1. Can you tell me which condition TRP43 does not meet? The list is (1) more than 28 Å from the chain's Cα centre (by Cα); (2) under 25 Å from GLY496 (Cα atoms); (3) buried (at least 23 other Cβ atoms within 10 Å of the Cβ), and all the others hold.
2. Can you tell me which residue among GLY346, GLY323, GLY330 is farther than 28 Å from GLU388 by Cβ and either touching a Cys at 6+ places or on another chain (Cβ under 7 Å) or modelled with pLDDT of 95 or more (or both)?
3. Could you please let me know if ALA223 is farther than 16 Å from ASP302 by Cα, surrounded by fewer than 18 Cβ atoms within 10 Å (Cβ to Cβ) and not acidic (Asp, Glu)?
4. Within the stretch 100-138, which residues are charged (D, E, K, R), closer than 22 Å to GLU166 by Cβ and over 42 Å from the mean Cα position of the chain (by Cα)?
5. Please work out if SER129 is assigned by TED's automatic domain parsing to the domain that holds ALA75 and under 28 Å from TRP43 (Cβ atoms).
6. Out of all the residues in the stretch 391-398, is one or more out of contact with any Phe, Trp or Tyr (no Cβ under 6 Å at 6 or more places or on another chain) and within 24 Å of ALA316 (Cβ to Cβ)?
7. Looking at the stretch 359-379, can you tell me whether even one residue there is part of a helix (DSSP H, G or I), among the β-branched types (Val, Ile, Thr) and buried (at least 16 other Cβ atoms within 10 Å of the Cβ)?
8. Could you check, for the stretch 506-516, whether at least one of its residues is of a type in the set (A, V, I, L, M, F, W, C) and in a helix (DSSP H, G or I)?
Amino acid sequence: MLLFCAAPSAAQSGEPRLAVQLLDNGNFAESLSSEAEGRVPWWRVDLGSDQVRREEGVFWLGTQGAYGARQPVAAYAPLAAGLCISGRLRGPGELRLHEGGGHTAILRFQGGDEADGRRFEFTLEELASAPEALYARGFELSGDLQAFAAPQPRFVLEIASASEEEPAFWTDLECLVPLPCPDEAALRVEVIEILDEIFTLWREHVIDPETGFASCVHDVYTAGRLFTRDGLLGPVHSLLLEAVTVHNEPAWRALLDRFLESWFARCFHPQTSLPRNWDTEQGTARDQRPVELHQTLEFLSDLADHGPELWRAEAARRLRLIGERVLQAGALPDGQVAPAYTPASGAPSVGFSQLRRFDVPAPLAVLGALDGDARYRDLAREAVSEFEYTWLWPGTWESIDPGFDDDFGHYAERALVMSRAWPLEDSFRRIVRGGYDFYAPLWRDALRFGGNIAADQIRAWRIFRGLAELEPELLGEVERLLRSAARVHFKGEQYGNGAWGDVTVFDFDPRAGLQVGDLPGMPQNLLQGLASNYSTGFALRDGETRAMFCAVMRSSRENYRAPHGYLVTRGPRQGANPAGGSLRFAAPLVDMLVQLSPAAKK
């Protein structure tokens, strides 16, 4: 349903809005699960699944006395007053709507006595501005009604009975939430504007004008230098490469060219050809410090494939030199391939996390496929065979992570790369499909029943989508899972002040402060997941995904912007405030820019 702005606001005046139905399982018809006994999908209920009953094909949720049910609903603050709630009720009902600022509106009304109950509907604007219209429709109102003229998300919808003795039964509940929904062309312009702002700040405060390296970290409030960094390949350079590929902005291209010139001249050892870091203060190479190869291999592969023509041949040459070095020294006695090497000696580093075991075989498998060189396939096959022999996927629906986000998110992602490169090699596909078969049903229940949902599960979104491209019979199930995942993250990662954050969701609520590596500010993962879902040929490339992305993007710009960049934390801290949020914001914006490019639409 498309609505149109009637008055200027923080949302852009005159642009379309999309009313997104964000109350899940409002008809209570979703199947229950013996693995989540007593739980009702998407709801927190006081008495459990016994509250759900079926009559003549219609499911109702019963409430009585102190026993009710509740579900959170996210919204975009500038448009939140347009939220519309509707449903059907039998018996005396009480609906409480809690907003993020601590205010509550209470509506009581008598449902119908007939079998199909009585339909009701109201908007938040009516609560604050036209309560007489609600009184005329039979509502009794109480609470902080005026607060809902400009309410603060996130909301919690709570349903109960208005009587201690008589139950109330609810069904067909909906919550239409207006979100900004510019068309693709307008969204692309907005994304480019923010990226240009971030890359300009990067050029002014971070990039060394002589070498092109990102030589320091600066403070978003003072612009002062917090500490110096080595010259090396970093995430910003991968972002610049992908951004320039789909939008050849001269200033962005100049940043990329300046870096590549210095990187190729300074950051590869002349004898071993291995990458190395550069001490930007001393102007010397760090030849004795081990460097992980994965990022370098992926970047060189992308640069050789679709980078600026000026750099493609050199990237391909460097890639093959490193590949030969790995073939000579990288295979370890247990079949694994070392992910890191000392530039001066070429010696592999053996002290590494097991999550890195496929980091080098995956990009080299791609190189082998391009060159028709089976040595790289065999190297990857050996690494995979050792893994297949010993590995079991861990997790339950209640505690699906870290098995799902970390183990599956790393191993299956790399195995998917290998499988795309060598589609006839069954061992690569078996890792991806085996992980999918184990985690898909667990994930479905974790999403529906309030399990542990880590912010970085979006790695698995990309893996599921990639597997569906290889096995199209999975596409329908994958699209349903990713739709549910997007809604859980969108609703569960919003804080009470209306901002979204990169935070674990548990029991449908954000859980900040967990020792799981969350950075609870800028919601990079949520935005990247939505951008990934917006892929061509995917059912989720629709207005709902685009509207969610736009709402989170604009909210993040409003909540995390500082004078010289973007915060990585939820708010300013005493002392230093590094500009880490700028890079975390740019990454999903580049992903969406790629999706919105003419080439992606073909």
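1. (1)
2. Working: GLY323 fails: farther than 28 Å from GLU388 by Cβ; GLY330 fails: farther than 28 Å from GLU388 by Cβ.
None of the other options fit; the residue is GLY346.
3. Details: farther than 16 Å from ASP302 by Cα: yes; surrounded by fewer than 18 Cβ atoms within 10 Å (Cβ to Cβ): yes; not acidic (Asp, Glu): yes.
When the stated conditions are applied, ALA223 passes them.
4. Result: ASP113, GLU114.
5. Numbers: assigned by TED's automatic domain parsing to the domain that holds ALA75: yes; under 28 Å from TRP43 (Cβ atoms): no.
It is false that SER129 is assigned by TED's automatic domain parsing to the domain that holds ALA75 and under 28 Å from TRP43 (Cβ atoms).
6. Checked against the condition, which is being out of contact with any Phe, Trp or Tyr (no Cβ under 6 Å at 6 or more places or on another chain) and within 24 Å of ALA316 (Cβ to Cβ), the stretch 391-398 yields no hits at all.
7. Residues of the stretch 359-379 that are part of a helix (DSSP H, G or I), as a first pass: 361-371, 374-379.
Okay, now just the ones that are also among the β-branched types (Val, Ile, Thr), so 366.
Subset that is buried (at least 16 other Cβ atoms within 10 Å of the Cβ): 366.
Yes; the residues of the stretch 359-379 include at least one that is part of a helix (DSSP H, G or I), among the β-branched types (Val, Ile, Thr) and buried (at least 16 other Cβ atoms within 10 Å of the Cβ).
8. Narrowing the stretch 506-516 to residues of a type in the set (A, V, I, L, M, F, W, C): 506, 508, 512, 514, 516.
Pick out the ones that are also in a helix (DSSP H, G or I) and you get none.
Taking every residue of the stretch 506-516 in turn, none turns out to be of a type in the set (A, V, I, L, M, F, W, C) and in a helix (DSSP H, G or I).
The values are calculated or read from the model by the stated rules, or taken from the named source; none is laboratory data. Since the model is a prediction, treat every value here as computed from it, not as a measurement. Every residue, glycine as well, gets a Cβ built from its backbone with ideal geometry; the counts of neighbours run over all protein chains shown.
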